[in-house]
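Visitor: A single structure is presented below for examination.
The values are calculated or read from the model by the stated rules, or taken from the named source; none is laboratory data. A quick note: this is a predicted structure, and the numbers were derived from the prediction, not measured. Cβ: placed from backbone, ideal geometry, glycine included. Neighbour counts: every protein chain shown.
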Amino acid sequence: MFRACVYVPGLAALVLALPACGDDGPAAETSAATESSAPTSDSGATDDAETGETGESSCPADSPRALGECVERERYLADLEFIAQPREPGSPHWQAVQDLCAQRFAEYGFEVDLHTYATGVNVVGRKLGSSQPNEQIVVAAHYDHLVGCEGADDNASGTAGVLEAARVLSQAEFPRTLIVACWDEEEDGLLGAEAYVDAATSNGGQILFNWNFEMIGYRDDAPDSQTVPDGFELLFPDQVQELEANQYRGDFVAVVVDEAGVPEVEPFMTYAAGFGLSAVLLPVPADLKNSPLLADLRRSDHAAFWEVDIPAVMLTDTSNFRYANYHCQTGEDAVELLDHDFATSVLATTVAATAESLGMTP
């Protein structure tokens, strides 16, 4: 297996043969969601019924931009703090986070499925579209991590992001069906996402696009805080010029998308400016998206969709090309090291763009 958690753009000479992220966890046992798994009401991240605050009454859902503005930093942060503990597959906290995903999706009105496959459990929520229910948009992130590492950025940030996106998007009606998911076993080679895609396509599901959160919490605006591998300029010359002009500051989200998915992320790039988010678009040519020569661009769950020609995007802070504590390599991957305003901007932008993917008129 390889470590499938990092955005590492590059060419054939840059392909890394990495060992497994950790030992395979035991086969998962399906567990019902429990209230004890969730953050307490003191965290500000409980369901609306418990707090007495109804998102429906406080959040306008009449435009993509309005939905993006409904993303709440403190809800995201409370979930991030809860999730960011060691949670290797089969561990007690892995189960607690799995339960949290199931509980939240149910609270927000989604049909919930604990998708159990050979070695793990995905948590999947479904909100049917009003007029084009067979057309599906997937918003997802992986919830597993490595033994002994808190994994705040990788990928508690993405998992908490999915929960907040699900909360906001659940408050609107869309022509298309919304799928939200917490994938298992990404660290062991995208196993959860691949199992889901295989099952969904076998059942005739028409997935139009996948929004994938892969480490969205770390920002550094110091000059030369962002690195790129040798050869990056051969595939993305314009983007390298953009980075050079910005003195290689790690202050942006990378938007890694296959060629067919570029039209889907164009609204993201437009909304980003309005939400104060710097974003760098990295379109991957169709003839290279599944090539082992560009394996580094495929090392997150979006690649499971690319493998069957479903357009998908990875939204990422670029992992260890900016963040030294990736996989706890030089220190703990901890909540206090992350930039929560940056992550909130990523989420707000994604929610607005996803609303357009789901058929809402701007």
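Visitor: Of all residues in the stretch 226-241, which are surrounded by 14 or more Cβ atoms within 10 Å (Cβ to Cβ), under 25 Å from Gly158 (Cβ atoms) and out of contact with any Lys or Arg (no Cβ under 6 Å at 6 or more places or on another chain)?
Guide: Across the stretch 226-241, the qualifying residues are Val228, Pro229, Phe232, Leu235, Phe236, Gln239.
Visitor: Scan the stretch 184-210 for residues that are aliphatic (A, V, I, L, M) and either crowded, with 20+ Cβ neighbours inside 10 Å or in contact with a helix residue (DSSP H, G or I) (Cβ under 6 Å, 6 or more places away or on another chain) (or both) and jot them down.
Guide: Initially, the stretch 184-210 is screened for residues aliphatic (A, V, I, L, M), giving 190-191, 193, 195, 197, 199-200, 207-208.
The answer is Leu190, Leu191, Ala193, Ala195, Val197, Ala200, Ile207.
Visitor: While we're here: Tell me which of these Val71 doesn't satisfy, since it passes every other one: (1) surrounded by 24 or more Cβ atoms within 10 Å (Cβ to Cβ); (2) β-branched (Val, Ile, Thr); (3) not in a loop (DSSP other than H, G, I, E, B).
Guide: Of the numbered conditions (1) surrounded by 24 or more Cβ atoms within 10 Å (Cβ to Cβ); (2) β-branched (Val, Ile, Thr); (3) not in a loop (DSSP other than H, G, I, E, B), the odd one out for Val71 is (3).
Visitor: Kindly evaluate Tyr143 against the criterion of being closer than 17 Å to Asp184 by Cα, in contact with a Leu (Cβ under 9 Å, 6 or more places away or on another chain) and surrounded by 18 or more Cβ atoms within 10 Å (Cβ to Cβ).
Guide: Values: closer than 17 Å to Asp184 by Cα: yes; in contact with a Leu (Cβ under 9 Å, 6 or more places away or on another chain): yes; surrounded by 18 or more Cβ atoms within 10 Å (Cβ to Cβ): yes.
Criteria met by Tyr143.
Visitor: Please pick out the residue among Leu297, Leu293 that is modelled with pLDDT under 95 and either in a loop (DSSP other than H, G, I, E, B) or loosely packed, with under 15 Cβ neighbours inside 10 Å (or both). Break it down stepwise before answering.
Guide: Numbers: Leu297 fails: either in a loop (DSSP other than H, G, I, E, B) or loosely packed, with under 15 Cβ neighbours inside 10 Å (or both).
Within the list Leu297, Leu293, the selection yields Leu293.
Visitor: Sticking with this structure for a sec: Pick from Ala13, Ala45: which is part of a helix (DSSP H, G or I), farther than 30 Å from Thr361 by Cβ, at pLDDT below 50 and of a type in the set (A, V, I, L, M)?
Guide: Values: Ala45 fails: part of a helix (DSSP H, G or I).
Exactly one residue qualifies, and that residue is Ala13.
Visitor: Do you know which of the residues in the stretch 89-147 that are under 18 Å from the mean Cα position of the chain (by Cα) and polar (S, T, N, Q) is farthest from Gln206 (Cα to Cα)?
Guide: Looking at residues that are under 18 Å from the mean Cα position of the chain (by Cα) and polar (S, T, N, Q), I get Gln98.
Visitor: Taking the stretch 152-205, which residues are part of a helix (DSSP H, G or I) and in contact with a His (Cβ under 8 Å, 6 or more places away or on another chain)?
Guide: Going through the stretch 152-205, the residues part of a helix (DSSP H, G or I) turn out to be 152-169, 191-202.
Correct list: Asp154, Asn155, Ala156, Gly158, Thr159, Gly192, Ala193, Ala195, Tyr196, Ala199.
Visitor: Tell me, yes or no, whether the stretch 26-36 has at least one residue that is at pLDDT below 95 and in a helix (DSSP H, G or I).
Guide: Narrowing the stretch 26-36 to residues at pLDDT below 95: 26-36.
So of that shortlist, the ones also in a helix (DSSP H, G or I) come out as 35-36.
Looking through the stretch 26-36, at least one residue is at pLDDT below 95 and in a helix (DSSP H, G or I).
Visitor: Given the options His115, His93, name the one that is without any contact (Cβ under 8 Å) to a residue 12 or more places away in the chain and surrounded by fewer than 24 Cβ atoms within 10 Å (Cβ to Cβ). Give the derivation first.
Guide: On the way: His115 fails: without any contact (Cβ under 8 Å) to a residue 12 or more places away in the chain.
When all the criteria are applied, what remains is His93.
Visitor: Quick one: Met269 ticks every box in (1) within 20 Å of Tyr248 (Cα to Cα); (2) surrounded by fewer than 20 Cβ atoms within 10 Å (Cβ to Cβ); (3) in contact (Cβ under 8 Å) with a residue 60 or more places away in the chain; (4) touching a Leu at 6+ places or on another chain (Cβ under 8 Å) bar one, so which box is it?
Guide: (3)
Visitor: If I ask for residues that are closer than 20 Å to Glu194 by Cβ and outside any loop (DSSP other than H, G, I, E, B), which ones from the stretch 79-96 would you list?
Guide: Matches in the stretch 79-96: Trp94 only.
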